[in-house]
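Notes follow once the structure below has been shown.
The values are calculated or read from the model by the stated rules, or taken from the named source; none is laboratory data. Everything numeric here is computed off the predicted structure, so don't read it as measured data. Please note: Cβ atoms are built from the backbone with ideal geometry, for glycine as well, and neighbour counts cover all protein chains shown. Protein only, heavy atoms only, side chains kept; ligands, DNA and RNA dropped before computing areas. Shrake-Rupley method; radii C 1.70, N 1.55, O 1.52, S 1.80 Å.
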Amino acid sequence: MARRATLKDVAAAAGVSVTTVSLVLNDRPARVSTEKREAIARAVKQLNYVPNQNARSLVTKQSKLVALIVPDIENLFFAALAKCVEDECAAQGYSLIVANSDDSRESEQALLRRLTSRGVDGVLLIPARESCAAGAGAALREDVERVTCPVVLIDRLTQCGWCDAVGFDNYLGGRLAAQYLLEGGHKRIGIVTGDVAESSAADRRRGFADALEQVGERLDPSLCVAGDYRFASGYRAADRIIDGGATAVFCCNDVMALGFRQRMAERGLHVTEDMQVIGYDNILKRFGLGWRMTTVEQSVGDLAAACWGMLGGRIDGVVNGGGAGADAGRPWLAEPQVKVLTPKLVQAACA
């Protein structure tokens, strides 16, 4: 195995001191001539020099690592969000560690401990479904309070009020879906929900039901089917809702809508002509699935930019403030910020 080039090797090759190389490579103010800077750049390239981040961390007190904990990496929304967050981090010189909790409270707890022990500078956390269940919020709060770096909650529990958080207005998203279907003349409308024990899923359902009630319609319990944001749950829900006489359905994410549409196709039914289907997320086009679908968009790009903006600001505050200590030095807990983004309806030209 070839020996890894060191700062001393670069200095020797460039004919300058180690201190000069360090100042130039770290973009610190220094009186270094253009010729010497060019010599250093050539030496770095010739020697294939890569800075030792561990050594740099000892000086800067930063690992330049950020963690993103997602509940289900196979969920297309979370996968796309991870990609967008990574782009945001990379633009600021950070690397992203993505970890999957499998919607398990136990796994989430272990990941928070493990990632913190690795010295990450910040954590972006989409809470596990088990952590969103009634009575579980206090335990999650205790876990987050043990984390010594800034934490931002994403997508779920964003209205908890005890930690920085970024998410979309799911109640409004549910209303948008209902209004679109009502304006299309539909009255008997079904819904395939997420797990309503989790706040964002419950808010989508509540917004949907309230919009129906405001125009004198009622959400028929027989047309309300619990899903889990996976293809199979949308597929399984289709027969009950179709046989129940619904003329339209709101699937609370695009993947369930795909499952629903698959079952419709198997029964010889067509979207729009036989039944209207609306999804949620507007995520499918990112993966080239080829489905044109009316959906309520949660822009993963906007969400990634917002959560990184919040976390990056907190990290900068820790660095400039000399580190995180008691709550007074941890504003993400002492003075939490909440940013709520607005979803929008995206209507397919041909549903």
#### Entry: Projected area averaged over orientations for the chain, convex hull of C-alpha atoms, nm²
22.2 nm²
### Query
For the pair Glu273 and Lys187, what calculated FRET efficiency results from E = 1/(1 + (r/R0)^6), where r is the Cβ-Cβ distance and R0 = 25 Å, to the nearest 0.05?
0.90
### Summary
Sorted largest first, the C-alpha extents of segment 6-46 along its principal axes in whole angstrom are 24, 17, 14
### Message
How large a share of the accessible area of the chain, in percent, is made up of carbon and sulfur atoms when the probe is 1.4 Å and the other protein chains stay in place?
### Response
49 percent
### Message
Calculate log10 I(q)/I(0) of segment 170-260 for q = 0.19, 0.20, 0.21 Å⁻¹, where I(q) comes from the Debye formula with a single equal point scatterer on each Cα and nothing for solvent.
### Response
-0.77, -0.86, -0.95
### Query
Among the DSSP beta bridges whose two residues both lie in the chain, what percent are antiparallel, rounded to the nearest 5?
10 percent
### segment 80-228, relative contact order [Cα under 8 Å, separation at least 6], %
18 percent
### Message
Could you tell me the relative contact order of segment 155-266? Use alpha-carbon pairs under 8 Å, at least six residues apart, and round to a whole percent.
### Response
28 percent
## Note on the structure
Under a 1.4 Å probe, counting only protein heavy atoms, Met264 has an accessible area in Å², nearest 10, of 0 Å²
### Query
So what's the gap between the Cα centers of segment 121-149 and segment 299-318, to the nearest angstrom?
18 Å
### Taking segment 107-173 and dividing mean pair separation by its residue count, relative contact order in percent (alpha carbons under 8 Å, at least six apart)
31 percent
### Difference of contour (0.36 nm per residue) and Cα-Cα distance, Ile73 to Glu145
23.4 nm
### Query
Say the cut-off is 26 Å between C-alpha atoms; which of Lys45/Lys83; Lys64/Lys285; Lys187/Lys339; Lys187/Lys285; Lys64/Lys344; Lys64/Lys339 go over it?
Lys45/Lys83; Lys64/Lys285; Lys187/Lys339; Lys187/Lys285; Lys64/Lys344
### Summary
Given a 1.4 Å probe, the accessible area of the chain per residue, as a whole number of Å², is 48 Å²
## Note on the structure
Plugging the Cβ-Cβ distance of Glu38 and Asp87 into 1/(1 + (r/R0)^6) at R0 = 30 Å yields, to the nearest 0.05, a FRET efficiency of 0.45
### Summary
For the chain, the helices passing both cut-offs (Cα extent along own axis of 15 Å or more, Kyte-Doolittle mean at least -0.5, full DSSP H runs) are 76-91, 170-183, 231-243, 254-266, 300-321
### Query
Just the accessible area for Glu35, please: 1.4 Å probe, Å², rounded to the nearest 10?
120 Å²
